[in-house]
């Protein structure tokens, strides 16, 4: 998904992908330009965007690859300070049956 999503243009976001195994991965985002914008311009919108909209969007992305895949946020904004990095962490997992 990350390689095909134009929102994740190299250099725009800073992130790492860690694959625990073929059914379990972590994505850690260190710099999110969307978050930086909303923290500055509309701080009251950070929680609804990150904790509601993005949770649904990431889950929808995961389901497109495998209907059983789950996208679970492990850390989400709002941040306590600009030094609170990484800004978010996501787990993508296909549960074992």
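The values are calculated or read from the model by the stated rules, or taken from the named source; none is laboratory data. On a predicted model such as this, the values are computed, not experimentally measured, just so you know. As a convention, Cβ positions derive from the backbone with ideal geometry for all residues, glycine included, and neighbour counts pool all protein chains shown.
For the range 38-51, indicate whether the set of residues that are under 30 Å from residue 97 (Cβ atoms) and exposed (fewer than 12 other Cβ atoms within 10 Å of the Cβ) is non-empty.
Taking the range 38-51 first, the residues under 30 Å from residue 97 (Cβ atoms) are 51.
Now restrict to residues that are exposed (fewer than 12 other Cβ atoms within 10 Å of the Cβ): none.
No, every residue in the range 38-51 fails to be under 30 Å from residue 97 (Cβ atoms) and exposed (fewer than 12 other Cβ atoms within 10 Å of the Cβ).
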Selection from the range 11-27 of residues within 11 Å of the chain's Cα centre (by Cα) and touching a residue at least 24 places away in the same chain (Cβ under 8 Å) yields 26, 27
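Go through 67, 82, 95 for me and flag whichever is within 21 Å of residue 12 (Cβ to Cβ) and either modelled with pLDDT under 95 or not in a helix (DSSP H, G or I) (or both).
Numbers: 67 fails: within 21 Å of residue 12 (Cβ to Cβ); 95 fails: within 21 Å of residue 12 (Cβ to Cβ).
Answer to the selection: 82.
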Given the conditions (1) over 24 Å from residue 9 (Cβ atoms); (2) at pLDDT below 95, report the number of the one that residue 48 does not fulfil. (2)
Among the residues of the range 54-64, are any within 18 Å of residue 16 (Cβ to Cβ), more than 13 Å from the chain's Cα centre (by Cα) and surrounded by 11 or more Cβ atoms within 10 Å (Cβ to Cβ)? no
